[in-house]
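K.L.:
Mind looking over this structure? Questions follow.
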Amino acid sequence: MIALGALIGLAGCAVPARPPAPELLTADGVERVSVDRADYAAELRSFRASAFVLGEALLADGGDGDNGNVVSSPGSLLIALAMLRAGATGGTAAEMDSVLQFPLEKRDEAMNSLLRSLEKFDGDPAAVDEDNPPQKPVMHSANGLFVDKDVPTGQSFLDTLARHYGSGVYPVDFSDERATKPAIDAWVSSNTGGRIKEAPAEYDPDNTFSLLNSLYFAAAWSVPFDPNATSDLPFTTAAGEEINVPAMHNELTMKYAEGAGWQGVDLPYADGFVMRLVLPAETAAPADTPAPAAFDAEKLTEIADTFDVARPASVQVQLPRWDHRSSFDLRKVFEALGLENMLGTTEDFNSIQPQMMVTQAAQAANITVAEKGTIAAAVTQINGMATSVPPQPERTIEFDRPYHYQIVHVETGLPLFMGTVADPR
């Protein structure tokens, strides 16, 4: 264990305009391990299953979304929980592995390979023109850990963060809200391009530990929708109301798949990612169900497996524009999952801080989908304390009633964002 307080250096000035940013402290002499994704195929499949478990739980909770609309990030939550698991022992470690379906071996190495594969698309969210999403997708993932400078943090935990997550810790004084809250909020805003300006959990000066993951995604479609083809068309909401909403139209070659009670497409971005759009059959769920376009983890796995072997087809697609945001009290989600030890232990996170317990957990997420592409952001926080006649399309799919969507990293199959559209307004 090391005392972080002795290692802090603050760059001062006579009259600072704002409190100085905390110094990032990394494990001394520990370098990020280079890994090959091909060596962790089974573990990455476990992580995909984990993301589906988390996605099911988030969509079932619903957060504070309006009119049945939900946007969440199982990818962000997965990364944050993997970091927390790196400091867990005893019954809590076993519980997290079982409930979350984490790989039992090489978990941190596999997460390292997943993060490395995302880093190929890393970029500065602040440099993105959100009115013109980039042809080369920007997928920025960041991990932040703020710890109280007067509380020792485990050396082995710091080593794991450095070795597999490329991260360190920011020593702060949680009792000094005027300095620490702006520092955490600035980290959130910077890593989401300002789409999320504040940390999702309410600030508590009694905390000594705050773990955050952020994801920011911006990408143009491989073939943009023509704005001139957008027109107001009927959409039947989850409540059964028929409304008119701006509907985009496109025809292109993409993966089409269908199964019992659903059909869907993988709408491609310019590189590396797709938006998986899944339309339940009209009789698949009653109109008055809370989440008519939600699927359980088993069904999400079946859908993903079907898309894995699907062949491209020419598809005519009709899709509304939408701009949604949600926030979640993750303690409720964890309780619903059965993570009782994780929420109640004061012993199993001693490798992070002495007698640390999880006090708060929250997520904020948003997404904007339009003719040119998609912009999405999420933060998870866990606190302690053609000229010729075109050929006819082979398929047509009209998203004119509630549907499910995911933003999928093609290389790993991981659903980074997941949601339902019950009312595009």
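The values are calculated or read from the model by the stated rules, or taken from the named source; none is laboratory data. The model shown is predicted, which means the values in this text are computed figures rather than measured ones. Heads up, the Cβs are rebuilt from the backbone with ideal geometry, glycines too, and the neighbour counts pull from every protein chain shown.
K.L.:
Would you confirm whether or not the stretch 338-353 contains a residue that is touching a helix residue (DSSP H, G or I) at 6+ places or on another chain (Cβ under 9 Å), closer than 26 Å to residue 303 by Cα and surrounded by fewer than 18 Cβ atoms within 10 Å (Cβ to Cβ)?
P.N.:
Yes, the conditions are met somewhere in the stretch 338-353.
K.L.:
Go through the stretch 71-99 and count every residue that is over 18 Å from residue 341 (Cα atoms) and in a loop (DSSP other than H, G, I, E, B).
P.N.:
1
K.L.:
Exactly one of these conditions fails for residue 230: (1) modelled with pLDDT of 95 or more; (2) over 24 Å from residue 25 (Cβ atoms); (3) among the hydroxyl-bearing types (Ser, Thr, Tyr); (4) within 27 Å of the chain's Cα centre (by Cα). Give me its number.
P.N.:
All conditions are met except number (4).
K.L.:
Now a separate question. Hey, could you check the stretch 110-135 for residues that are outside any loop (DSSP other than H, G, I, E, B) and surrounded by fewer than 16 Cβ atoms within 10 Å (Cβ to Cβ) and say which is farthest from the chain's Cα centre (by Cα)?
P.N.:
127
K.L.:
Another question, then. Which is of a type in the set (Ser, Thr, Tyr), touching a strand residue (DSSP E or B) at 6+ places or on another chain (Cβ under 9 Å) and surrounded by fewer than 24 Cβ atoms within 10 Å (Cβ to Cβ), of 359, 420, 380, 412?
P.N.:
After applying the criteria, what remains is 359.
Residue-by-condition table, conditions (1) of a type outside the set (A, V, I, L, M); (2) farther than 30 Å from residue 268 by Cβ:
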| position | (1), (2) |
| --- | --- |
| 133 | yes, no |
| 138 | no, no |
| 153 | yes, yes |
| 164 | yes, yes |
| 170 | yes, yes |
| 174 | yes, yes |
| 177 | yes, yes |
| 196 | no, no |
| 204 | yes, yes |
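K.L.:
In addition: Restricting attention to the stretch 257-268, which residues are part of a strand (DSSP E or B) and either more than 21 Å from residue 411 (Cβ to Cβ) or β-branched (Val, Ile, Thr) (or both)?
P.N.:
Result: 258, 259, 262, 263, 265.
K.L.:
What pairs come up if the first residue lies in the stretch 136-158 and is under 23 Å from residue 175 (Cβ atoms) and in the same structural domain as residue 349 (by TED's automatic domain parsing), the second is modelled with pLDDT under 90 and part of a strand (DSSP E or B), and their beta carbons are under 7 Å apart, counting only those six or more places apart or on different chains?
P.N.:
145/169; 147/153; 147/169; 152/2; 153/2; 153/169; 158/169
K.L.:
Taking the stretch 193-227 only, how many residues are buried (at least 22 other Cβ atoms within 10 Å of the Cβ), basic (Lys, Arg) and over 16 Å from the mean Cα position of the chain (by Cα)?
P.N.:
Count: 0.
K.L.:
Which ranges mark the strands (runs of 3 or more DSSP E) fully within the stretch 350-425 that have 1 or more residues being under 15 Å from residue 326 (Cβ atoms)?
P.N.:
360-369, 373-383, 403-409, 414-421
K.L.:
Return the residues of the stretch 76-109 that are surrounded by fewer than 19 Cβ atoms within 10 Å (Cβ to Cβ), closer than 20 Å to residue 41 by Cα and among the hydrophobic types (A, V, I, L, M, F, W, C); say none if nothing qualifies.
P.N.:
Listed by number, the list holds a single entry, 104.
Table: residues versus (1) touching a Gly at 6+ places or on another chain (Cβ under 7 Å); (2) over 28 Å from residue 218 (Cβ atoms); (3) among the aromatic types (Phe, Trp, Tyr).
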| residue | (1), (2), (3) |
| --- | --- |
| 319 | no, no, no |
| 336 | no, yes, no |
| 350 | no, yes, no |
| 361 | no, no, no |
| 369 | no, no, no |
| 379 | no, no, no |
| 403 | no, no, yes |
| 413 | no, no, no |
| 424 | no, no, no |
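K.L.:
Okay, moving on. Please go through the stretch 24-83 and pick out each residue that is of a type in the set (Val, Ile, Thr) and under 22 Å from residue 375 (Cβ atoms).
P.N.:
70, 71, 79
K.L.:
When the stretch 183-223 is examined, which residues are found to be closer than 22 Å to residue 150 by Cα, of a type outside the set (Ser, Thr, Tyr) and either part of a strand (DSSP E or B) or not assigned by TED's automatic domain parsing to the domain that holds residue 81 (or both)?
P.N.:
209, 211, 212
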